[in-house]
Each structure stands twice: as C-alpha cells, then as structure tokens.
Amino acid sequence: MSPIRLVDRYAPDADAVFHTGDCLDLLAALPDGLVQLVVTSPPYNLGKPYESRLDLSAYLKQQQRVIAECVRVLHPRGSICWEVGNFVDDGEILPLDIALYPIFAAQGLHLRNRIIWHYGHGLHASRRFSGRYEVILWFTRSDDYVFNLDAVRVPQRYPHKKYFKGPRKGELSGNPLGKNPSDVWEIPNVKANHVEKTIHPCQFPVELVERLVLALTQAGDWVLDPFMGVGSTAIAALMHGRKVLGAELMPEYVSIARERVRLAEEGRLRIRPMDRAVYDPNAPARSAPPRIVQIGFKQQELSLTE
Ligand SMILES: C[S@@+](CC[C@H](N)C(=O)[O-])C[C@H]1O[C@@H](n2cnc3c(N)ncnc32)[C@H](O)[C@@H]1O
C-alpha cells in the first residue's frame, strides 16, 4: 500500500486534490469529461457562517455557473448528485431542488431519482411541521450510465420468503444479494454525538456518500465535490479506491479534511458503518459499533484496504 497522494491542484497522477478557494477555480483546471461522479451539498443560502445570504436569483445564477462547469467535466457515463434542503425566507420555505431542477434540465441532464434523505434530528419548528428530510437530485449525462445496484443492496426484510405458487414455487422470491435500497434513505444526520462530527455545521454522513460512490462509479474513477466542507465525500471515495477532487473556501475546513485523510491512512478514522441500523432504544444490541477505516492505494491496483 502506498500513501495517498494528496495535492492542492489538479494532477492526473494524484489520488486526492483539495483546493482551498472557489470551486470555479478548481473546475477551470479540469479537463472535459474527467469526472465520473459529482456529489455535493452546496450552500443553501441560509446565512450559515460560511456564506453571505444572496437574493434568490443571484444565488441561482451562482449555482448555474458551477453546475455548467460540473457538466463540462462530467464523463459521458457519469452522474451528478446535488443534495439540498429548503431556502427559508420569513418563515416561508422554497425547496431548493424545485428551484434548481430547471438549471440541470437546461444542461440536457436526465433525472434518475429524487432521493429523500430522511433523518430523525433537527430544529423543532413551532409554526410548521419540523423538517426531517432533504433531497438528492441524481442526474446522468446520458442514457448509458454506470449503476452498480448489487454493490448497494440492503438486506431483505423477509429473506426466506418463497414463491407459494406458479413455476417457481418453493424458490426464494427475493434477490439473495438483498433488495434495492429504494429512493427513501433513512440515515442519521451528523449532529453533536455522531461519531463523525467536526466543527462543520452541516456535514454529510460518510455512509450517504458511500452508497452513491459504490453505485455510480468504478474503482479508480474521479469523484468531485465542489463544496467539499470537511471532506466527507473525499473519505467515502478514498475508502473505496476512487480518486477525489474537492474545493472549499474556508481554510479551516480544508485542514480538517486533510486531517481526516491522514487519520484514515493511519487506520484511526472512525465512521458510522453503512449497515448500522438506526438506533432503536428498544433494541440497543442491534446497534453496530463505529467502524475504523484505513485508506491507501495499492501500487498495482486501486482497491479498498480495511
Ligand atoms: C453545505 S456545506 C458542505 C459540507 C460537506 N458536504 C461536508 O460534508 O463537510 C457547503 C460548503 O461549501 C463551501 N463553499 C461555499 N461557497 C463555495 C465556493 N464558491 N467554492 C468552494 N466552497 C464553497 C462552504 O464553506 C461550506 O463548507
């Protein structure tokens, strides 16, 4: 196993590129068609510490510029996954996926799923129902796209269920590899006592990105997160032998992303495992412990080492 080649500007032989600065600068340095998967959660224009709140049309114009560049660098068989919540103005919500969809459609992309990411914790609303989901818009560039369903199947609820009549009577009726995880994903969000929590106010859970990386890319492919934050996409990609490009405006978040990669190389980074059931206080024994990951690229082949 060789160390991760982590650099700060694009080089074809790097394993990870973390650019401190505007994502448009990183994107401008990338060749057309390089990236197999863009997965990101952009700023939601809510006035978080890392963003200045813009008028909605200025925000959408800014997003349009980034999206157009992401499409330029996307491989013909590649995918874009844009994870968003609501823009909130004076108590009124605008689901950002609704506002952003026309931008992707105008780029000629094809919407494959509108994935609901459901989680249990968040602010309690008093004048509307508390929000407990966000959305991932999954687009492909063409009708010929990578989709590795077997890599992300989840356990069948009734794995021993059999056909009870017809020519296949007595055979298992479900796929023994598991079932399709569907377009509603229940994954805990990264709040105070989550094992992956850093100082970032809205991190991706690594397991959310892992499912997209495994389903939509092959080992050795480039994955891009233009709004990288503390590098959750990078961890998910590197864990599975993919290469990663990320941009982040805030230097302290980039430092944390670098530190997370270093910890993972040393086999000391803890993440919540993909197959861990959501905590049930009535069945605590079902809860799997955090997983320790180790990343590193082998000399000859790009493969996961854990
Ligand atoms: C919603 S957060 C993403 C968090 C990330 N998914 C993670 O797991 O850490 C959006 C991030 O985009 C960064 N950002 C905002 N505008 C940017 C820009 N133009 N270029 C690069 N990063 C930007 C913010 O500083 C913030 O950390």
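General observations
- Subset tally (residues that are in contact (Cβ under 8 Å) with a residue 60 or more places away in the chain, assigned to a loop (DSSP other than H, G, I, E, B) and either farther than 11 Å from S41 by Cα or more than 16 Å from the ligand (Cβ to nearest atom) (or both)) for region 200-212: 2
- For R262, the conditions (1) of a type in the set (K, R); (2) more than 11 Å from the ligand (Cβ to nearest atom); (3) buried (at least 19 other Cβ atoms within 10 Å of the Cβ) are fulfilled apart from (3).
- Count of region 213-236 residues, restricted to those that are within 12 Å of the ligand (Cβ to nearest atom) and aliphatic (A, V, I, L, M), is 6.
- Entry remark, region 107-144: residues being part of a loop (DSSP other than H, G, I, E, B), in contact with a His (Cβ under 9 Å, 6 or more places away or on another chain) and charged (D, E, K, R) number 3 in total.
- Entry remark, region 167-189: residues being within 16 Å of the ligand (Cβ to nearest atom) and free of Cβ contacts under 8 Å to residues at least 24 places away in the same chain number 0 in total.
- Residues that are away from the ligand (no atom under 16 Å from the Cβ), touching a strand residue (DSSP E or B) at 6+ places or on another chain (Cβ under 8 Å) and assigned to a loop (DSSP other than H, G, I, E, B), drawn from region 4-32: I4, R5, A11, A14, D15
- Where a residue in region 226-248 is of a type in the set (F, W, Y) and its partner, wherever it lies, is part of a loop (DSSP other than H, G, I, E, B) and modelled with pLDDT of 95 or more, with Cβ under 6 Å and at least six apart: F227/P42
- In region 48-70 there is at least one residue matching the filter, namely being in contact with a strand residue (DSSP E or B) (Cβ under 7 Å, 6 or more places away or on another chain) and either surrounded by 15 or more Cβ atoms within 10 Å (Cβ to Cβ) or modelled with pLDDT of 95 or more (or both).
Yes or no, residue by residue, for (1) over 20 Å from R77 (Cα atoms); (2) out of contact with any Pro (no Cβ under 9 Å at 6 or more places or on another chain); (3) at pLDDT 90 or above; (4) not in a strand (DSSP E or B):
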{"residue": "F227", "(1), (2), (3), (4)": "yes, no, yes, yes"}
{"residue": "A234", "(1), (2), (3), (4)": "yes, yes, yes, yes"}
{"residue": "L238", "(1), (2), (3), (4)": "yes, yes, yes, yes"}
{"residue": "A264", "(1), (2), (3), (4)": "yes, yes, yes, yes"}
{"residue": "R270", "(1), (2), (3), (4)": "yes, no, yes, no"}
{"residue": "R276", "(1), (2), (3), (4)": "yes, no, no, yes"}
{"residue": "I292", "(1), (2), (3), (4)": "yes, yes, no, no"}
{"residue": "E301", "(1), (2), (3), (4)": "yes, yes, no, yes"}
{"residue": "T305", "(1), (2), (3), (4)": "yes, yes, no, yes"}
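The values are calculated or read from the model by the stated rules, or taken from the named source; none is laboratory data. Given the structure is predicted, the values throughout are model-derived calculations rather than measurements. Counting neighbours? That spans all protein chains shown, and the Cβs are built from the backbone with ideal geometry, glycine included.
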